[in-house]
1. Restricting to segment 16-52, what's the tally of residues that are surrounded by 15 or more Cβ atoms within 10 Å (Cβ to Cβ) and in contact (Cβ under 8 Å) with a residue 40 or more places away in the chain?
2. Do we find that Val96 is modelled with pLDDT under 80, within 30 Å of Arg120 (Cβ to Cβ) and of a type in the set (A, V, I, L, M) in this structure?
3. Go through segment 156-169 and report how many residues are at pLDDT 85 or above and either surrounded by fewer than 10 Cβ atoms within 10 Å (Cβ to Cβ) or touching a helix residue (DSSP H, G or I) at 6+ places or on another chain (Cβ under 6 Å) (or both).
4. List the pairs whose first member sits in segment 150-162 and is in contact (Cβ under 8 Å) with a residue 12 or more places away in the chain, whose second member is surrounded by 10 or more Cβ atoms within 10 Å (Cβ to Cβ), and whose Cβ atoms are under 7 Å apart, counting only residues at least 6 apart or on separate chains?
5. Can you name every residue in segment 136-151 that is outside any helix (DSSP H, G or I), surrounded by 11 or more Cβ atoms within 10 Å (Cβ to Cβ) and among the hydrophobic types (A, V, I, L, M, F, W, C)?
6. Can you name the number of the only condition in (1) under 30 Å from Leu10 (Cα atoms); (2) outside the structural domain of Leu34 (by TED's automatic domain parsing) that Val75 fails?
Amino acid sequence: MAVFVYTLVLLLAAFCVHVCVWKIRLPRNHSKTLMFIFLSVLAIGILGAFVWGKIWIGMEGFGEYFQIIAAYVAVMLAYIVTYSGIEVDSPSLVMVLDVDRAGPEGLTQECFIRDMNNERLVLPRINDLLKGGLAELDNGLYRLTPKGKAVARLFCFYRWLLGKKHKGG
């Protein structure tokens, strides 16, 4: 139980630091900043547990530290991936929110198609790629950066691993 509670305390501390940093100044690279915050809190927390763990928490063995690190890192990665989904509105979310705003009367197909255009759905994603350093715009051409190529290869590998050669799934 001590491992679970301590891990929860560390995660809550990282979340609080995240909120404070975002209130002070929105960082340029959200994912890197989140990774830095979470790993810093983990390092400080593990150091604290090592120094005071036996007295305050009752931790004695390496196995407990490993459990804390494993659980913390799993939640940290899930949080960072999930945060990227709420950081900007996904095309699906934009669509759902528009239909929801229409209320019980609904949204006509005409209005829906008119409002769901490239400027609203595609350009924000392209701007995210540019801002994140995954792509660059050079003489009117979008090109993947080395970082973008690495991400693309990772997704292609994952799709190959799942047997998905065509779009979808």
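The values are calculated or read from the model by the stated rules, or taken from the named source; none is laboratory data. Model, not experiment: these values are computed from the prediction. Glycine gets a Cβ as well: all are built from the backbone with ideal geometry, and neighbour counts include every protein chain shown.
1. 4
2. So Val96 fails the test.
3. Looking only at that region, the number is 1.
4. Pairs found: Val151/Leu134.
5. Leu137, Leu144
6. Failed condition: (2).
Condition check ((1) at positive phi; (2) hydrophobic (A, V, I, L, M, F, W, C); (3) touching a residue at least 60 places away in the same chain (Cβ under 8 Å)) across all residues:
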site	(1), (2), (3)
Ile68	no, yes, yes
Met76	no, yes, yes
Val81	no, yes, no
Asp89	no, no, no
Asp100	no, no, no
Leu107	no, yes, no
Leu121	no, yes, no
Leu144	no, yes, no
